[in-house]
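The values are calculated or read from the model by the stated rules, or taken from the named source; none is laboratory data. All values derive from a computational prediction rather than experimental measurement. FYI the Cβ positions are ideal-geometry reconstructions off the backbone, even for glycines, and counts take in every protein chain you see. The area values use the complete protein model at the heavy-atom level, side chains included, leaving out ligands, DNA and RNA. Shrake-Rupley method; radii C 1.70, N 1.55, O 1.52, S 1.80 Å.
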Amino acid sequence: MRLSVTRDDYFNAALELLASGGAASLKIVPLCKSLNVTSGSFYGYFGSMDGFVTEFLVFWEQTQTERIAELSNVADDLAARVHLMKTLAAKLPHDAEAAIRGWAHTNPLVAQAQKAVDARRVEILTELYRPAVATRRHAETLAIMGITLLVGLQQWRSPVTRKDFNRVFNEYEQMVYRVIDQTSSGTLK
């Protein structure tokens, strides 16, 4: 048995279980077994499966949405930020995210978190694009397109390969650059 695991160890193990077996595989015994700990460790941290799920969903939002937004804001120019955002999105746990979406159909707490993550991702992309296009609505449309591509790819392919991701998102990135160039040159209003 392992002597100590962290909350993050549990959350990362949960992402792996979700990716490999879907929401049905996310149970206390398999989670503890994957970490080589007793269920007492789990209960000591979370109290119950509901407590775990609540904290896990916060972890998912923080590490897979807010952290990506923070990291992408490091770049100085918009093109670099768009490219960095794409690079970071490629590293998302796509199979786990697809499982979370499936889980959201049967669990209201997960559904609420998934909707919040989607809304936050749209907001992040809208704010990224907003200075470069004529209207907030246009920026939001570009953002919705990006999120829709991501969700669609995650639902379509398992696993999401780098080749498939790049095929779709290299084209999306180029489209965003064209829109930004047209808007900044005054040809698109």
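In segment 116-157, what count of residues is obtained for those that are polar (S, T, N, Q) and either closer than 21 Å to residue 74 by Cα or without any contact (Cβ under 8 Å) to a residue 24 or more places away in the chain (or both)?
4
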Check your understanding: What about residue 67, is it open to solvent by 80 Å² or more (accessible area, probe 1.4 Å) and out of contact with any Gly (no Cβ under 9 Å at 6 or more places or on another chain)?
Key -> yes
Exercise for review: Select from segment 73-105 the residues that are in contact with a Pro (Cβ under 8 Å, 6 or more places away or on another chain), open to solvent by 30 Å² or more (accessible area, probe 1.4 Å) and within 16 Å of residue 15 (Cβ to Cβ) and list them in ascending order.
Suggested key: 95
Review point. Before we move on, is residue 153 in a helix (DSSP H, G or I), at pLDDT below 95 and open to solvent by less than 30 Å² (accessible area, probe 1.4 Å)?
Key: no
Practice item. Please find, within segment 1-31, the residue that is nearest to residue 158 (Cα to Cα) out of those that are among the charged types (D, E, K, R) and not in a loop (DSSP other than H, G, I, E, B). Key: 16
**Study point:** segment 13-42: number of residues that are under 21 Å from residue 107 (Cα atoms) and open to solvent by 70 Å² or more (accessible area, probe 1.4 Å)
**Key:** 5
Study note, to complete from the structure: Restricting segment 1-58 to residues that are of a type in the set (D, E, K, R) and over 24 Å from the mean Cα position of the chain (by Cα), the one modelled with the highest pLDDT turns out to be 33
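Go through segment 158-179 and give me each residue that's open to solvent by 90 Å² or more (accessible area, probe 1.4 Å), of a type in the set (D, E, K, R) and in contact (Cβ under 8 Å) with a residue 12 or more places away in the chain.
To start, the set of residues in segment 158-179 that are open to solvent by 90 Å² or more (accessible area, probe 1.4 Å) comprises 158, 162-163, 167, 171, 178.
Restricting the remaining residues to those that are of a type in the set (D, E, K, R) gives 162-163, 167, 171, 178.
Passing the criteria: only 162.
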**Study point:** Selection within segment 108-138 - among the small types (Gly, Ala, Ser) and crowded, with 21+ Cβ neighbours inside 10 Å
**Key:** 113
